[in-house]
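What follows is one structure encoded as structure tokens, with my remarks underneath.
The numbers here are math on the coordinates, done by the rules we state, and not lab data. Predicted model only: the values in this text are computed from it and were never measured. Positions of Cβ are backbone-derived with ideal geometry, glycine not excepted, and every protein chain shown enters the neighbour counts.
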Amino acid sequence: MNPPALADELPAGHRPTETASPAKPGPAPGARSPRRGRGRDRWIGVIFITPALILFVGLVLGPIGIAAYTSLFKWNGYVTAPMQYVGLGNFTRLFQDQIFIGDLKRGFILIVLSLVVQLPAALGLAMLLNQPLKGRTFYRLLFFAPYVLSEVTTGVLFLLVFSPNRGMAKEVFGWVGLEDLAVNWLSDQRIVLYSVFVVISWKYFGFHMILYLAGRQNIPKELTEAATVDGASPWQVFRSVTLPLLGPTIRISIFLSVIGAIQLFDMVWVLTRGGPAHASEVMAVTLFEYGFRRFEVGYATAISIVMFLICLVFALLYQRYVLRRDIEGAITVMGRK
Amino acid sequence: MTTPPYLSRRSFLGLTGAAAGAVLLGACSSGGSGGGEPGVQEIDWWHIQNGEPLKPVWQEFADEFMAANSGVKINITDRENEAFKAALTTATQAGNPPDLFQSWGGGVLREQVQAGVVKDITDAVSGWVGNIIPAALGPYTIDGRIYGIPWDVGMVGFWYNKDHFAQAGITSPPATWSELLAAVDALKEAGIVPIALAGADKWPAHFWWSYLAIRIGGLELLAQAEADGDFNKPDFIRAGEEFKRLIDKEPFQPGFLAAGYGAPDGQAAAVGNGQAAMELMGQWAPAVQAANTPDEKGLGDKLGFFPFPTVEGGKGKSTDVFGGGNGFAVGRDAPDATLDFLKYFLDVEQQRRAAETGAILPTVKGAEDAIKDPNAKVVAETFAQATGFQLYLDQAFPPAVGTQVNDSVAELVAGNKSPAEIVQDITATAQNQ
């Protein structure tokens, strides 16, 4: 899954600056210049933070606030049109909307599939490509290449592959005589979500594979060698030595995957536009439809607020309970050592 | 002075400077197209004819007008249909409409009028608007004032492959709904895909349901629904049931639920390449079919047209017409030259030139003789004899209701909801307005 735009998750092992510095043992109260030096430090710090703070408030916090405000109204989006206050009406309507409930279910299915299918496959490939194979670098490049394509390009590519008349999928399946099976990738309501998942996996498994490869390099050879010398089988070495030491990488990979699944839009929009009949629709697509097609901007904003809250709650809980060992100084364990 | 151990002050300053520079550069590059030379009127023209045969014709008109009027510059932006709707939405919602843009009139235009983003051109066009066919002007007149001018008007009907019909033993086009269902059976017997449908685009499917509603309940049914937002009427439900009878026969091409209309493997291509026997589509159908064939000629004289059949026991007349046109609306801040260009565009000579391409049916009286294509002539004659006219539902109604109609019919086609359920959904949306 694609990483979120603002990567404010710290990779494992990074030590951030202290946010709340304890009182320093300063000089005697009479000495002026060190104390003024400290005040000047803070003032310079504030000046340098201000541009970033302005951008952050203006481009992130501000719009979130405006969106929260807009979600309480019924509005058709024109700046000249009045906004009708409905309180939490949009939200109650949202949780009674069959399409939105379906979006939550489909998003959940995509998350579970990613965690159960995509990530283990990436892990397995990474371990394979860590062996001294011939052409290992070439394979690593090959598997990483899909990640480099843009989502829209990938979507258009697979539209051609899945085309019922002249698509590559039909050709390839035809070689084994299964071409009837291959016609309905995107038009059968029961399987369209899984077809979308196949395309997403094709694009992102390379990214996770590279993450795991990088994490694997951090495991000292002596540990695995020691385990082998002690008589462990390759599987036991993997399970007891490699896997636990890959823990931080795997936890980050899961985090990025889940957040990416919640925010998924491009791939679904290009492949199916959420169709047929909402069978592959996700929250962001519903948001787009209501906001820009139906001109129900207040309702669409309510959807965006719900998406935001889901991501936020997940991120906070995940950092607090899962990543706690890997990160110190994160917002949820601030102050505790 | 305390400095973080891993980042020296110099590199920190360097980073901040680089970041500030990047932000400034980004701001510079995204500057808008405002301004220009003084004394030159710039017209921003957004149209959706992004291919043959009309794109070059529109370009010619613009070039000729600019040559004749030195103080005018026309900036053309042409986009595909859906992309245009998305771009127009953001522009008009922000209060920044283009000067001249594609419009189908109806409820969407009404919302734009209420938001004050389009110009009232009633007075400006009073000198020449009398040349336009009144029925075509209807959707562009809101509360008695004119906000746009149509340059194409037509109706939706069946475009069919004469060879396929002959092969299936169908001697004459069906005149009643039962005859149409029988024709579908005959085509399936002969191993031909009866109907091409773009399930992914949704609006082609709503043509079927709307026409059935018009044939069963008459035009009054839709006028009433537009007024009170209540679709929960027996005639609407019967329209859904009749449509379901057709859907249950599985008459559509394989993979139709994911097919687009103008896509290379979509509805128009299926008919144009002889893979399906017929489609229910508007007057532009032959042009789009041809554009999606390898030799760009389409079916040629193998293509025939017949109007939507009557439904037994229905109140609607066979001469009631469902369709729409294409026109341009004028943005609120458009310079005066825009109206002059519009007048030039709608001149009978320009209409003749556009009609010769076969892609439009002219709205200006006196240009009909330029229609060469025999099928286009049939459509024009059928339209000329129309006793009543209904604009596409997804344009006639406000955007939310129109989108709901499309979505609901798509759910009927996919087999997810019943005819009674979809009218409830549409009513709920209409009354939530």
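What the table below lists for this structure:
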read-out: Relative contact order (%) - criterion: Cα under 8 Å, at least six apart; region: region A:91-333; value: 25 percent
read-out: Sorted by Cβ density within 10 Å, fewest first, the residues A:Arg293, B:Arg353, A:Arg190, B:Arg245; value: A:Arg190, B:Arg245, B:Arg353, A:Arg293
read-out: Cβ-based charge dipole, the protein assembly as shown, positive-most Cα from B:Tyr261, A:Ala81, B:Trp208; value: A:Ala81
read-out: Extension gain, A:Val198 back to A:Arg320 (0.36 nm per residue minus Cα-Cα distance, nm); value: 40.8 nm
read-out: Amide N of region B:222-247 lying under 13 Å from the label point, which is placed 7 angstrom from the Cα of B:Ser418 along Cα→Cβ; value: B:237-238, B:241
read-out: 0 to 90° range, to nearest 10: angle between helix B:399-414 axis and chain B longest Cα axis; value: 50 degrees
read-out: Using alpha-carbon coordinates, inclination of helix B:203-228 to the longest axis of chain B, degrees; value: 90 degrees
read-out: Inter-label distance, nm, simple model (7 Å from Cα along the C-beta direction), A:Tyr139/A:Ile54; value: 5.3 nm
read-out: Helix axis angle, B:374-384 relative to chain B longest principal axis, alpha carbon, degrees; value: 90 degrees
read-out: Under Karplus coefficients 6.51, -1.76 and 1.60, residue-wise ³J(HN,Hα) of region A:85-101 in Hz, glycine/proline x; value: 6, 10, x, 8, x, 4, 6, 5, 4, 4, 7, 9, 7, 4, 5, 5, 4
read-out: Pairwise label distance in nanometres, B:Asn69 with B:Lys55, each label 7 Å out on the Cα-Cβ vector; value: 2.5 nm
read-out: Distance (nanometres) between label positions extended 7 Å along Cα→Cβ at A:Ile47 and A:Tyr85; value: 4.5 nm
read-out: Whole-number percent relative contact order across region B:103-230, with pairs defined as alpha carbons under 8 Å at least 6 apart; value: 15 percent
read-out: Linear extension gain, B:Glu349 paired with B:Ile76, 0.36 nm per residue minus alpha-carbon span; value: 96.1 nm
read-out: Estimated 222 nm signal from helices in the protein assembly as shown, with DSSP H stretches of n ≥ 4 weighted -39500 (n - 2.57), rounded to 500; value: -16000 deg cm²/dmol
read-out: Neighbour-count ranking [beta-carbon atoms within 10 angstrom, fewest first] of B:Val57, A:Val152; value: A:Val152, B:Val57
read-out: Dipole in debye (nearest 20) - the protein assembly as shown, about Cα centre, beta carbon charges: Lys, Arg +1; Asp, Glu -1; value: 4500 debye
read-out: Rel. contact order, % - alpha carbon contacts under 8 angstrom, at least six apart, chain B; value: 24 percent
read-out: Sorted by Cβ neighbour density within 10 Å, fewest at the top, the residues A:Ile305, A:Ile44; value: A:Ile44, A:Ile305
read-out: 25 Å Cα-Cα reach of B:Lys188 towards lysines, excluding residues that sit fewer than 8 places from it in its own chain; value: A:Lys170, B:Lys162, B:Lys202, B:Lys244, B:Lys249, B:Lys302
read-out: Beta bridges per DSSP with both ends in the protein assembly as shown, % antiparallel, nearest 5; value: 60 percent
